[in-house]
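Shown next, in structure tokens, is the structure this report addresses.
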Amino acid sequence: MSDREMIEETKKDVPDQMEPVIPEIPAEKSEKEPEVEAAESASTEPEVEAAESASTEPEVEAVESASTEPEVEAAEAASTEPEVEAAEADITEPEAKAAEADSSESETEGQRSRSAGRRSGNRREKQQPVRPKKEHQASQRENILRLREIKKKKAAMPYMKILAAGGAAVAVVAVVAVAGTVIGNHRDAFSRGMKVETAAASLETTEAASESTGERNIVLETTLSAEEIASKEYEKTVQSIVDSYANLGIAEVSGYLNVRKTPESFGEVIGKLPKGGACEILDTSTDGWYKISSGGVTGYVSSQYVYTGDEAKKLAAENVAERAVIDADKLNVRSEPKADANVVEQVFKNERYDIRGQQDGWIQISSGYISADYVTVKYALDEAIKQDMRQTVLSLYDNLGVSNVSNYLNVRDNPDEKKGKIIAKLPSNAGCDILDTSMSGWYKIRSGNITGYVKSEYILTGQQAKDKALQVAKLMAISNTDGVNVRTEPNTNSSIYTQISNSERFLVADQQDGWVKIEIDDQDAYLSSDYVDVKYGLEEAIKYTPVVEVADTSSKNDSKNSSKNNSGKKNSANDGAAGSKSGSVSSKRAQIANYAVQFVGNRYVYGGTSLTNGTDCSGFTMSVMAKFGVSLPHNSGAQSGSGKSITSSQMRPGDLVFYSGSGGINHVALYIGNGQVCHASNARSGIKISTWNYRTPAKIVNVLGD
């Protein structure tokens, strides 16, 4: 049924005696209430009607308007007061409908509105009875209040529209009208350019009309998931962390950036700022340098490696992570997540470490496990770590002891020289924790991963030990990854000199931004600071078990019978090979290995051959082998051509292991069993014990001929 047909039907039911009266809005509300009401209507029905009109379905419009607002309003207002419907019509629908039905497309918005108003007024003149002005105004105010209540109730129930009146046929038509409206809206949105402001999981959609352009904005009310809420909270946390720095700087360098005591390239290094680490920039007046504060360290860094401003904030946001901040003055790092596991190092107050895992009250960091009881876990930026010799060295030990010997001190498994077996060697000026002093003439100590007994007369304690420690402490680079490249120059374009294994220690010759200069045997080389930890420390105990001697039978049967002793029983006291095979070796091989170890700690002298006064690497192996009747040249490259080349699984004590650098053999060591070699390394380290693959071996040779 069209608008005009509905109007004609309405006229038939209106009594002839009704006299026209034009409703008036009370003066005190004429400026506010109609505007509010008009806004409400504009935000709901008119757009739907416009869409319906655009789709050339006036019948749907009429039915829908009849099946939505009037019925609800009539039901709420007791359905016997035509004033309610008339009052609502004054505010909402008739003007728009009349305008759509009767006005031409050339009319402006204002013309259509005025025309609709006149037509609406003419109809009401014939429909409404004459009422006193005051009574009509009071009734209209009451109707307006009722309408507002109705609209509030509808707003509170966005997913249900109550059909309070109307027959079953009207209800069915209403459903069809709603479906048509949705389809029309979608069609109209795509044709006119719908703009979605937010994507959401909510089912409720609210349309807002744009009077000037006809463009629609659809706002989807969202219900955030737990993940989305967590993401927003994380973003807030990151922003608050970034904002906590007044003048933020972010280190962008390979490895870490040196914090120096003075603004000079040779200034003393007092701390290190890791890649992505944050700092507060205090002063920029020194050319090429920033004075910064970070992690309790205040000093100077090279400005070329520090980002500032918006770029720093962007990098900072990318580097915020969950970290463990140390609360204790000193905290042990253990090899396993348990209190009795070996201590591998210590960390200090306010230092921050990336968390690699958490389990049963323990937090895993790069070097091991720390107790969660002594740290604060929070999102934070990384900051600088102090590199203070006194703090680092003296804090490593609870009850410091320092070995007072010229070469090495045996560590035994029992406090008895005859019954106690040698399990390690404590080098000269090595550090240890004294655990027990109750045994006459012996101390129970822990040094590195070794716990055992040493003669007390060779250990300094108390203030003597502290003074000695500060005097002999060395800056060490400790590799934290297997197969680290050692390069000839401090850049990744330079050639690889060799590779080193995990946990190997090298004395630091110099520190550059992103690189550490070390002495590897008798050559200078460079490690990326990404793969090493640099810290002050003392030498520590070296695991060592003497090779077990077995009487020689014959050179032909030696290797066949080497796994049995004279009684015919297997002897498992010694690991004779670098691989998984174990067993004792011939007397000659055992004697060579044990003889060589006697000189650990003695001097390195380039070109020397004296085991006591100084020797170089090839001079060491040449002199040891000469003791047992084997003649070798005084050159590592020449020695590699002697004897028979073998594999690591065939290696036994007394064999020679060769290493290369810059394209040729340049170092040699003597294999002593238990996966270790003894060699004259360099002037700083002297004769020492290392793991057999502390750097990549180039060749292994059997020079004994058995």
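The values are calculated or read from the model by the stated rules, or taken from the named source; none is laboratory data. All figures in this text were calculated on a predicted structure; none of them were measured in a lab. Virtual Cβ from ideal backbone geometry, glycine too; neighbours counted across all protein chains shown. Accessible surface is based on the protein model in full, side chains and every heavy atom, while ligands, DNA and RNA are left aside. Shrake-Rupley method; radii C 1.70, N 1.55, O 1.52, S 1.80 Å.
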Practice item. Mind giving me the nanometre distance, one decimal, between the label points for V605 and S371, set 7 Å out from Cα along Cα→Cβ? Key: 5.1 nm
Practice item. Over every pair of different alpha-carbon atoms in the range 361-499, take the mean of 1/r and invert it; report that Kirkwood radius in Å. Key: 18.1 Å
Check your understanding: Over the range 286-368, what lengths in whole Å, largest first, do the semi-axes of the equivalent ellipsoid take, defined as the square roots of 5 times the eigenvalues of the alpha-carbon gyration tensor?
Key -> 32, 16, 10
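At 4 °C and 1.567 mPa s, grab the translational diffusion coefficient of the range 294-431 from Stokes-Einstein with a Kirkwood Rh over Cα pairs, rounded to a whole number in µm² per second.
Answer, rounded: 72 µm²/s.
Obtain the radius of gyration and the Kirkwood radius of the range 647-687 from its C-alpha atoms and give Rg over Rh.
1.01
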Study note, to complete from the structure: For V344, the residues 5 or more places away or on another chain with a placed amide H closer than 5 Å to its own amide H are V333, R334, S335
Practice item. Leaving out ligands and nucleic acids, note down the accessible area per residue over the range 576-706 with a 1.4 angstrom probe, in whole Å². Key: 35 Å²
Review point. What FRET efficiency would be calculated for the residue pair T437, T223, taking the C-beta separation as r and a Förster radius of 56 Å, to the nearest 0.05?
Key: 0.25
Exercise for review: Estimate the FRET efficiency between K349 and N399 by the formula 1/(1 + (r/R0)^6), using the beta-carbon distance for r and 30 Å for R0, to the nearest 0.05.
Suggested key: 0.90
Point to revise | Net length gained if the chain between E264 and Q598 were fully extended (0.36 nm per residue, minus Cα distance) | key: 115.8 nm
Check your understanding: Which of the pairs K349/K444; K275/K517; K517/K627 have their Cα atoms more than 27 Å apart in this structure?
Key -> K349/K444; K517/K627
Review point. Which length gain, in nm to one decimal place, applies between K543 and K517 when the Cα-Cα distance is subtracted from 0.36 nm times their residue separation?
Key: 6.7 nm
Review point. Excluding D416 itself, what net charge comes from residues whose Cβ is under 14 Å from its Cβ, given Lys and Arg +1 and Asp and Glu -1?
Key: +4
Review point. Using the eigenvalues of the Cα gyration tensor, what equivalent ellipsoid semi-axes result for the range 433-529 when each is taken as the square root of five times the eigenvalue, whole Å, largest first?
Key: 37, 15, 10
Check your understanding: Taking amide hydrogens as modeled 1.01 Å from N in the peptide plane, which residues meet the under 5 Å criterion relative to K699, leaving out close sequence neighbours?
Key -> F658
Check your understanding: In Å, what is the Rg of the alpha-carbon atoms in the range 580-706, and how long is Dmax?
Key -> 13.1, 37
Review point. Per residue, how much space in cubic angstrom lies within the convex hull of the C-alpha atoms of the range 228-322?
Key: 97 Å³
Revision key, fill the gap. Dividing the alpha-carbon radius of gyration of the range 355-395 by 2.2 N^0.38 Å, where N counts its residues, gives 1.40
Review point. What is the local net charge at E318, summed over the other residues whose Cβ is closer than 15 Å to its Cβ (Lys, Arg +1; Asp, Glu -1)?
Key: -3
Revision key, fill the gap. Expressed as a percent, the accessible surface of the range 385-518 that is carbon or sulfur, using a 1.4 Å probe and the full set of protein chains, is 39 percent
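Pairs K291/K535; K338/K386; K378/K468: which exceed 31 Å Cα-Cα?
Flagged as over cut-off: K378/K468.
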Check your understanding: Looking at the range 416-468, which trypsin sites (Lys or Arg not before Pro) are in a loop (DSSP not H, G, I, E or B) and have at most 11 other Cβ atoms within 10 Å?
Key -> K418, K419
Check your understanding: With θ set to phi - 60° and the Karplus curve 6.51 cos²θ - 1.76 cosθ + 1.60, what are the ³J(HN,Hα) couplings of the range 241-254 in order, to the nearest whole Hz, using x for Gly and Pro?
Key -> 5, 4, 5, 6, 9, 5, 9, 6, x, 10, 6, 10, 8, 5
Exercise for review: Starting from the amide H of N410, placed 1.01 Å from N in the peptide plane, find each other amide H under 5 Å away whose residue is 5 or more places distant or on another chain.
Suggested key: L426
Practice item. May I ask for the net charge around S610, where only other residues with Cβ less than 11 Å from the Cβ of S610 are counted and Lys, Arg are +1 while Asp, Glu are -1? Key: 0
Check your understanding: What is the distance, in nm, between label points placed 7 Å from the Cα along the Cα-to-Cβ direction at T308 and at S244?
Key -> 2.3 nm
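Just to verify a number: FRET efficiency for K418 and A626, C-beta to C-beta distance, R0 = 41 Å, to 0.05?
0.80
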